[in-house]
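Peer 1: Sharing a structure here in structure tokens format.
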Amino acid sequence: MLVAALAALAHGAVATAAPDTYRVDPERSSTEFAVRHLGLSTQRGHFGRMEGTIVIDPEDHTGAIDFVVDATTIDTGWGARDAWLRGEDMFDVARYPLVRFRSTQLVFNQDRLIGIAGLLTLRDVTRPVILKIERMQCGSDPDDGREGCGAGAVSTIKRSDFGLTYALGLVGDDIDLSFHLTAFRVKP
């Protein structure tokens with residue numbers, strides 16, 4: 001949703017006196033991750049559901065982005081690994097089912113949103129994270145005409161910073177994250 005708000009600013013969305021609010025579409029948004037495994041390969045997976053809200057004031061270059069990723073929807077393509085990742089050694093989704101991002105600052109290059117500083121909470125541990133905006137596009141949805149934006153944002157985190165230390169010698173510490181967001185404007 002942060003990306004969607006950034007997209008609106010980057011592509012000259014109609015400015016208004018009041019901030020615009022966008023709601024992340026959980027059916028059209030996802031989070032992907034990649035991590036080194038045994039020093040031989042890169043394992044990839046995704047979380048299938050996210051929700052959130054983006055509030056942005058294109059004139060003042062301000063706003064707030066808040067979204068959650070449902071950690072219970074982790075999917076690496078192998079059920080046994082997914083069950084282990086949901087367990088106590090890793091995400092412990094029974095106790096911590098959500099991963100949350102809250103923006104603290106939007107970063108612009110002139111009128112183009114290029115990054116988002118914020119706080120990521122994983123397993124009840126909160127750390128600062130910077131999301132780099134890689135792609136943004138806004139327009140009308142061809143299916144129903146709703147005004148929306150789509151964006152891609154990336155970051156790399158250290159899993160050990162969030163208490164995910166199991167098998168650090170076998171599984172990499174750096175986790176590449178990609179957020180693919182579609183958000184639609186909430187009518188006033």
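The values are calculated or read from the model by the stated rules, or taken from the named source; none is laboratory data. Here the structure is a predicted model, which means the values were calculated and not measured. No Cβ is skipped: glycine too gets one built from the backbone with ideal geometry, and neighbour counts run over all protein chains shown.
Peer 1: For the range 44-52, check the following and say yes or no: at least one residue is under 20 Å from Pro97 (Cβ atoms), modelled with pLDDT of 95 or more and not in a strand (DSSP E or B).
Peer 2: Within the range 44-52, not a single residue is under 20 Å from Pro97 (Cβ atoms), modelled with pLDDT of 95 or more and not in a strand (DSSP E or B).
Peer 1: Would you check which residues across the range 137-178 are of a type in the set (A, V, I, L, M) and over 23 Å from Leu40 (Cβ atoms) and list them?
Peer 2: Here is the first cut: in the range 137-178, the residues of a type in the set (A, V, I, L, M) are 151, 153-154, 157, 164, 167-168, 170-171, 175, 177.
Answer for the range 137-178, where residues must be of a type in the set (A, V, I, L, M) and over 23 Å from Leu40 (Cβ atoms): Ala151, Ala153, Val154.
Peer 1: Please work out if Thr182 is of a type outside the set (A, V, I, L, M) and out of contact with any Ser or Thr (no Cβ under 8 Å at 6 or more places or on another chain).
Peer 2: Working: of a type outside the set (A, V, I, L, M): yes; out of contact with any Ser or Thr (no Cβ under 8 Å at 6 or more places or on another chain): no.
Against the criterion (of a type outside the set (A, V, I, L, M) and out of contact with any Ser or Thr (no Cβ under 8 Å at 6 or more places or on another chain)), Thr182 does not qualify.
Peer 1: Which of the residues that make up the range 108-129 are under 13 Å from the mean Cα position of the chain (by Cα) and among the hydrophobic types (A, V, I, L, M, F, W, C)?
Peer 2: Just the residues of the range 108-129 that are under 13 Å from the mean Cα position of the chain (by Cα), to begin with: 115-122, 129.
Result: Ile116, Ala117, Leu119, Leu120, Leu122, Val129.
Peer 1: Something else: Among (1) surrounded by 18 or more Cβ atoms within 10 Å (Cβ to Cβ); (2) in contact with a strand residue (DSSP E or B) (Cβ under 6 Å, 6 or more places away or on another chain), there is one condition Asp82 misses while meeting the rest; what is its number?
Peer 2: Failing condition for Asp82: (1).
Peer 1: Taking Gly52 and the conditions (1) in contact with an Asp or Glu (Cβ under 8 Å, 6 or more places away or on another chain); (2) over 22 Å from Ala183 (Cβ atoms), which numbered condition does it fall short on, given that it satisfies the others?
Peer 2: Single failed check for Gly52: (2).
Peer 1: Go through (1) buried (at least 18 other Cβ atoms within 10 Å of the Cβ); (2) over 14 Å from the mean Cα position of the chain (by Cα) for Phe47 and report which single condition fails.
Peer 2: (2)
Peer 1: Can I ask one more? Name the pairs: first residue in the range 105-118 and over 15 Å from Ile54 (Cα atoms) and of a type outside the set (Phe, Trp, Tyr), second residue loosely packed, with under 13 Cβ neighbours inside 10 Å and modelled with pLDDT under 90, Cβ to Cβ under 9 Å, at least 6 apart or on different chains?
Peer 2: Qualifying pairs under 9 Å: Asp111/Gly12.
Peer 1: Any idea which of (1) surrounded by fewer than 15 Cβ atoms within 10 Å (Cβ to Cβ); (2) within 20 Å of the chain's Cα centre (by Cα) is the one Thr165 doesn't satisfy?
Peer 2: Tallying (1) surrounded by fewer than 15 Cβ atoms within 10 Å (Cβ to Cβ); (2) within 20 Å of the chain's Cα centre (by Cα), Thr165 fails exactly one: (2).
Peer 1: Only one of these conditions is not met by Val24: (1) at pLDDT below 95; (2) within 19 Å of the chain's Cα centre (by Cα). Which number is it?
Peer 2: Evaluating Val24 over (1) at pLDDT below 95; (2) within 19 Å of the chain's Cα centre (by Cα) leaves (1) as the failure.
Peer 1: Looking at the range 1-21 only, could you name the residues that are at pLDDT below 90, of a type outside the set (D, E, K, R) and either part of a strand (DSSP E or B) or loosely packed, with under 15 Cβ neighbours inside 10 Å (or both)?
Peer 2: Quick first cut of the range 1-21, residues at pLDDT below 90 only: 1-20.
Going one step further and asking which of them are of a type outside the set (D, E, K, R), we end up with 1-19.
Once the filter is applied, which keeps residues that are at pLDDT below 90, of a type outside the set (D, E, K, R) and either part of a strand (DSSP E or B) or loosely packed, with under 15 Cβ neighbours inside 10 Å (or both), the range 1-21 yields Gly12, Val14, Ala15, Thr16, Ala17, Ala18.
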